[in-house]
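The values are calculated or read from the model by the stated rules, or taken from the named source; none is laboratory data. Worth saying up front: this structure is predicted, and the values here are computed from it rather than measured. A quick note on method: Cβ atoms are made from the backbone with ideal geometry, for glycine too, and the neighbour counts reach across all protein chains shown. Accessible surface is based on the protein model in full, side chains and every heavy atom, while ligands, DNA and RNA are left aside. Shrake-Rupley method; radii C 1.70, N 1.55, O 1.52, S 1.80 Å.
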Amino acid sequence: MSPVDREVRATTGPAPLAAAAADAALPAGSGSAPGTCPASESGPEPEAPSTAGAAVDPAPLTGTALPAVAASASGAGAALRALARRAGGPGGLLAFAVLLLLVLVAAWPGLFTSAQPDISDPVHAFLAPSTAHPFGTDQLGRDILARVLYGARLSLLLGAGSTVLSVAAGSVLGLLAGIGGRWADQALMRLADVLFALPPILLALLTVAVLGSGTSNVMLAIAVAFAPGYARLVRGETLVVRRSGYVEAAVGLGLPRPLLVVRHVLPNALGPVLVLATVGFGSALITASGLSFLGLGPQPPAPEWGTMLSEGRNNLANAWWTAVFPGVAITVTVLAVGAVGRRAQARFTRRTAR
Amino acid sequence: MTAPTLTRARADARHRPLLASRSRAVLGAVAQRLLGAAAVLLGAATVAFVALQLIPGDPVTVMLGPGNPATPQLRARIRAEYGLDHPVAQQYLHYLGRLLHGDLGESYQLQQPVAHVIAGQLWPTVQLAVLAMGFALVLALTAAVTTAGRRRAARAAVQLAELLSVSSPPYWIGIVLLTLFSFHWRLFPVAGADGFAALVLPALTLALPLAGVLGQVLREGLETALGQPFAVTARARGLSDTAVRLRHALRHATTALVTLTGWLTGSLLGGAVLVEAVFARPGIGALTLQATTNKDMPLVVGVVLLSASVFVVISTLVDLLYLLIDPRLRRG
């Protein structure tokens, strides 16, 4: 439907306005019937976040975690059970706990170990895991547990930074394709087809070859590699939102186009994208640490999981622990984020299907 | 005049009109696919050209290498030789023309035609990729067929293994395999590319994440198929559970598997970069890494074009293969 067509419809009769009203009523309706659990059991806490998060779904998940933790002071057991139910069973709760722990480690690694990540002690090089050094020591005698813990900040930053960049780039391109008319749409989507023909790591390598190596360039490279996927999703969502009643109503009310996009199209198209980004974070982290492993990311003294693995690869013959524990950290992170992401995805599809 | 001829004639008569419309629909679909494939390849060539234009600095200086003094005359000659003195649009057309002749340019670092360099490293990577795909398919099929629709500890264990294999960095899987099988049990060589034994661990490393993805998708497809009426009918006819799985459900589940296998084959080249680094193997992946570190753009772009071509050829073949697997699509 062309914009003119839409404007005509919006101004000729009350029908589109009624549609808009119905649309506006929908989020409230979906909020008053919270998910699959009966209202009597779910207690007071899930009510508010689920209405607030009807448009952007991941909000209830991350949003309820904190209020529920705060509530645990009054009724720890009940709150924990409610939290577990919302998180999707004990597995979901575990994933949330691991995620919370990872964020804490990344923020304050010093809380979890007294050892320093970058002080070498050649006398104690290549010590096997023991109570003094739970993950052993590396070729310079540095405590690997400390390096893994301090490395969380850089590694998670690398994963999160590249995910944010790729979502941002993908959203802009997807919006342009979705609202920019046929030519922009065709051009951008054909470009996405081409980029889809290449494995992400190869696209990232191409970008690094152009920009040079380094932490920020690795983030940009991952963004280039993963943006096409997000762009395609945002475009699809934009096309749906564009035809919805409330956008027609806004057009009819004479809202300027940029404002329309920012205030109505973007927030409503973004929900599924944020859910996908949670799942996509894992791939971004794996690819980014892969580039570090290849020596293209953060350089050796820096504690980063991929970089540590690349150093540890050379010591496999005599010290397996140097190359095993950083990998465990990556896998645990990807598993936890993936579990949370898949739950968010399941909730989202359930909600939008209704 | 004889019975067989008559039967054949009758069979022909029965099939001819159907075949005609069918083959026209199939031909149309094939043409559409080929056109789309050509468009993606043209796009890939354009992306390659843009990437080549993006190299910071004067391309002549990059080509000459660091610390190589060149007279202005020599620079001018190189410019003219590579067509760098022409407008960009003309350079683009020139570039496409050279690509059509299989000329991918010359590697800055190795001072050799890119096509030669790539061809020289192709074989180890092809071996690795083919064996990895074989491993992945065997692992995924075995895991999915034996555990689909069953509520047993084995299913949970296999599912956990699949989840782990898709959530772990592939190069780390390689490191763990090396630690266990090469350093601890000394079953396979640590590095190198001589013989089959040296190929097993790298191929397994490349295969495990793929097997995880394929296994998950295949099991889901099998479980859906096993719940369909045709599976119930087959069981009611007295077929054994294994026969229902292998003869009926599997065929339905393979459609998703074929698409995914095609897509994953295209991604093998990306995985090869990491696997070849872990196992210190020669090949396209090692070449790509070396070219990336040296900013040898013509070589990187050459590999990118190779990868895009592999992907396009395979996904086109996959689409055509669908017509074979799924008779419903042949009806146009």
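Structural remarks
- Region B:204-245: trypsin sites (Lys or Arg not before Pro) in DSSP coil with no more than 10 other Cβ atoms inside 10 Å: B:R237
- Applied to region A:243-252, the Karplus parametrisation 6.51 cos²θ - 1.76 cosθ + 1.60 on θ = phi - 60° returns per-residue 3J(HN,Hα) values of 8, 7, x, 5, 6, 4, 4, 5, 4, x Hz, with x for Gly and Pro.
- Look at the dipole of region A:150-353 built from charges on Cβ: of A:A152, A:V334, A:N268, the Cα furthest out on the positive end belongs to A:N268.
- The calculated pair-distance distribution of region B:114-331 uses every alpha carbon pair, bins of 10 angstrom beginning at 0, and gives 8, 28, 31, 21, 10, 2, 0 percent.
- Taking amide hydrogens as placed 1.01 Å from N in the peptide plane, the amide H of A:D121 sits under 5 Å from those of A:G141, A:R142, each at least 5 positions away in sequence or on another chain.
- Global geometry of region A:80-173, whether rounded, prolate or oblate, following the gyration tensor of its Cα atoms and the 1.5 cut on a/c: oblate
- Shielding by partners, peptide A:206-215 (average Cβ within 10 angstrom, other chains): 6
- Given charges at beta-carbon only (K, R positive; D, E negative), |dipole| of chain B in Debye: 1860 debye
- Accessible area in square angstrom per residue, region A:88-241, 1.4 angstrom probe: 43 Å²
- Taking Cα atoms only, the orientation of helix B:72-82 departs from the longest principal axis of chain B by about 20 degrees.
- Apportionment of accessible area to carbon and sulfur, region B:114-331, percent (1.4 Å): 68 percent
- Interface burial for B against A (accessible surface, 1.4 Å probe, total of both chains, Å², rounded to 100): 3300 Å²
- Put simply, the amide H of A:F135, placed in the peptide plane, has neighbours under 5 Å in A:S130, A:I144, A:L145, leaving out anything fewer than 5 places away on its chain.
- Label separation (A:V332 vs B:V313): 4.5 nm, computed from points 7 Å beyond Cα along the C-beta direction.
- Full extension of the chain segment joining B:A243 with B:Y92 gains 48.6 nm, where the gain is 0.36 nm per residue of separation less the Cα-Cα distance.
- Compared with the alpha-carbon gap, the fully stretched path from B:L42 to B:V138 is longer by 31.0 nm at 0.36 nm per residue.
- Karplus-derived 3J(HN,Hα) values for region A:257-271, using 6.51 cos²θ - 1.76 cosθ + 1.60 with θ = phi - 60°, are 4, x, 5, 4, 5, 5, 8, 10, 6, 4, x, 7, 7, 7, x Hz; glycine and proline are entered as x.
- Each of A:R243 and B:L122 was given a label point 7 Å from its Cα along the Cα-to-Cβ line. The distance between the two points is 4.6 nm.
- 3J(HN,Hα) along region B:87-95, derived from phi through the Karplus expression 6.51 cos²θ - 1.76 cosθ + 1.60 where θ = phi - 60°, amounts to x, 4, 4, 5, 4, 4, 4, 4, 4 Hz, with x in place of Gly and Pro.
- Full-extension gain in nm, B:D85 to B:R150, via 0.36 nm per residue minus C-alpha separation: 16.6 nm
- Taking amide H as placed 1.01 Å from N in the peptide plane, B:E106 has its amide H under 5 Å from the amide H of B:V114, each at least 5 places away in sequence or on another chain.
- Whether region B:188-268 is rounded, prolate or oblate, judged on the alpha carbon gyration tensor where a/c under 1.5 counts as rounded: prolate
- Only the Cβ atoms of Lys and Arg (+1) and of Asp and Glu (-1) were treated as charged; on that basis the dipole of region A:150-353 about its Cα centre amounts to roughly 700 debye.
- Treating r as the C-beta distance of B:R24 and B:E223 and R0 as 45 Å, the FRET efficiency rounds to 0.75.
- With a simple spin-label model that places each label point 7 Å from the Cα along the Cα-to-Cβ direction, the separation between B:F230 and A:Q299 comes to 6.1 nm.
- Within 10 Å of the Cβ of each residue in A:310-319, the mean number of Cβ atoms contributed by other protein chains is 3.
- Anisotropy class of region A:150-353 from Cα gyration tensor, a/c 1.5 cut: prolate
- Theoretical FRET efficiency, 1/(1+(r/R0)^6), r = Cβ-Cβ of A:A107 and B:Q290, R0 35 Å, to 0.05: 0.35
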